[in-house]
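Since every read-out is calculated from the coordinates, none of them should be taken as a lab result. Quick caveat, the model's predicted, so the values are computed rather than measured. Please note: Cβ atoms are built from the backbone with ideal geometry, for glycine as well, and neighbour counts cover all protein chains shown.
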Amino acid sequence: MHFKHAPAIWAKFPTLVPGLLLIEGVRPDADITPRLEPLCAHARTRLAGKNESELPEVQAWRRAFSQMGLKPTQYRSAAEALLRRFRKDDTLPTLHPLVDLCNAVSLAYALPVAVIDLAQVAGFIQVRHADGDETYLAFSGETEHPEPGEIIFADAERQVHARRWTFRQSRRSTVSTATRRALIVSEGLHATARTDVAALLDTLDTELRAVGYSPLRRALLTAEAPRWVSDRAG
């Protein structure tokens, strides 16, 4: 199992900083409730008196979406969409302890955080431009094909695990009660992304261990070292 960004992604987005965290021991009964409020409180502080679109982390993703030919107000990064919902409702959806905790960390850092069930991934994940014949399982249950040139998370069987980069994950590899091993991915594009993504991984590691999960390996990728390899097959 490996994860990497295609060279064309690095060439077009040279400020990209991807952070990865491999986790085992995922279970659906972890008590994460006490861990959420401090993270949410930090997000409230950052949003006080401003819109999420004013945050530098969100602005960088808006610029990236514009570069991809997408309207930033129509297609929002996962972090912006989550912050927008939180600003309006002051609460997070309850889905799965691991996902809920990652969502809270995403709020606190204003960065997208994807959680991928590795049992549903064939061979590898590459972030690349789509050919257009890949398959994506929507949450509605319908099968879609990405637009040619769209940035996707694709595996060895040409299954798409995220469309429009950080816009929306696939139903195929979302975390469920059966998930035991997952890959957490966060990416930043703003000026202090290397420091902030590293801090996000530190926070995730601490919070995951506090509720009994088992973070195994972490990495910050670069254009010079763009490939992460797991210790064993997924």
(request) Pull out the extension gain between Gln74 and Ala223, defined as 0.36 nm times the separation in residues minus the alpha carbon to alpha carbon distance; nm, one decimal. (result) 50.7 nm
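Within 10 Å of each residue's Cβ, count the other Cβ atoms and sort Lys71, Lys4 from fewest upward.
Lowest to highest Cβ neighbour count: Lys71, Lys4.
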(request) Could you estimate the translational diffusion coefficient of region 59-113 from the Stokes-Einstein equation, with Rh from the Kirkwood formula over C-alpha pairs, at 25 °C and 0.890 mPa s, in whole µm²/s? (result) 209 µm²/s
(request) Go ahead and set up a Gaussian network model of the chain, Cα springs under 10 Å, then flag whichever of Arg63, Arg76, Arg194 fluctuates most. (result) Arg63
(message) Show me the ranking of peptides 180-187, 42-49, 138-145, 13-20 by mean Cβ neighbours inside 10 Å, starting with the highest.
(response) 180-187, 13-20, 42-49, 138-145
(request) Output the Cα-based Rg and Dmax of the chain in Å, rounding Rg to one decimal and Dmax to a whole number. (result) 16.5, 47
(request) Can you tell me the FRET efficiency between Arg194 and Asp131 if r is taken as the Cβ-Cβ distance and R0 is 35 Å, rounded to the nearest 0.05? (result) 0.65
(request) Would you mind getting me the FRET efficiency between Thr15 and Asp202? Use the beta-carbon distance for r and R0 = 25 Å, nearest 0.05. (result) 0.75
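Could you tell me which of rounded, prolate or oblate describes region 1-97, using a ≥ b ≥ c as the square roots of the eigenvalues of the alpha-carbon gyration tensor, with rounded for a/c under 1.5 and, failing that, prolate when a/b is larger than b/c and oblate otherwise?
Values: a/c = 2.31, a/b = 1.19, b/c = 1.94.
Cα axes put region 1-97 in the oblate bin.
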(request) Calculate the dipole size of the chain relative to its Cα centre from +1 charges on Lys and Arg beta carbons and -1 charges on Asp and Glu beta carbons; express the result in debye to the nearest 20. (result) 320 debye
(request) Please figure out what share of the DSSP beta bridges in the chain is antiparallel and state it in percent, rounded to the nearest 5. (result) 85 percent
